[in-house]
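The values are calculated or read from the model by the stated rules, or taken from the named source; none is laboratory data. All of these numbers come straight from a predicted model, not from anything done at the bench. Because the Cβ atoms are built from the backbone with ideal geometry, glycine has one as well, and the counts that use them run over all protein chains shown. We work out accessible area using only protein heavy atoms, side chains counted, and drop any ligands, DNA or RNA first. Shrake-Rupley method; radii C 1.70, N 1.55, O 1.52, S 1.80 Å.
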Amino acid sequence: MINLDKKALKEAMVDTFTGTLINLPLVWLVLFLCLMVTHNSFLISLAQASVLTIVAIVRKYYIRVWFKKREKA
């Protein structure tokens, strides 16, 4: 049997689903804005990766802090 850390699994699921909800419209917005400026796929990919990475770091930080506060309560 696999021994699962249910708290870690819940945090991972919340983070993943939150990321999906944020990233889907964000990807569309960044792509829309980039296509107004350029059609260069490399620049669009670079912009997408940069924006998504920054948002992911901020999102993960706040979700981790939120779960940490709940553990102490």
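Residues considered: F67, F32, F42. Of these, the only one that is assigned to a helix (DSSP H, G or I), modelled with pLDDT under 95 and either touching a Pro at 6+ places or on another chain (Cβ under 9 Å) or of a type in the set (F, W, Y) (or both) is F67.
Has segment 53-65 got at least one residue that is within 24 Å of K6 (Cβ to Cβ), touching a residue at least 12 places away in the same chain (Cβ under 8 Å) and open to solvent by 90 Å² or more (accessible area, probe 1.4 Å)? Walk me through it before giving the result.
So the first thing to find is which residues in segment 53-65 are within 24 Å of K6 (Cβ to Cβ), and the list is 56, 59-65.
Cutting the leftovers down to touching a residue at least 12 places away in the same chain (Cβ under 8 Å) gives us 56, 59-60, 63-64.
Subset that is open to solvent by 90 Å² or more (accessible area, probe 1.4 Å): none.
No, because not a single residue in segment 53-65 is within 24 Å of K6 (Cβ to Cβ), touching a residue at least 12 places away in the same chain (Cβ under 8 Å) and open to solvent by 90 Å² or more (accessible area, probe 1.4 Å).
Filtered by the rule that a residue be under 21 Å from K69 (Cβ atoms), open to solvent by 50 Å² or more (accessible area, probe 1.4 Å) and either at pLDDT below 95 or among the β-branched types (V, I, T) (or both), segment 15-29 gives T16, I22.
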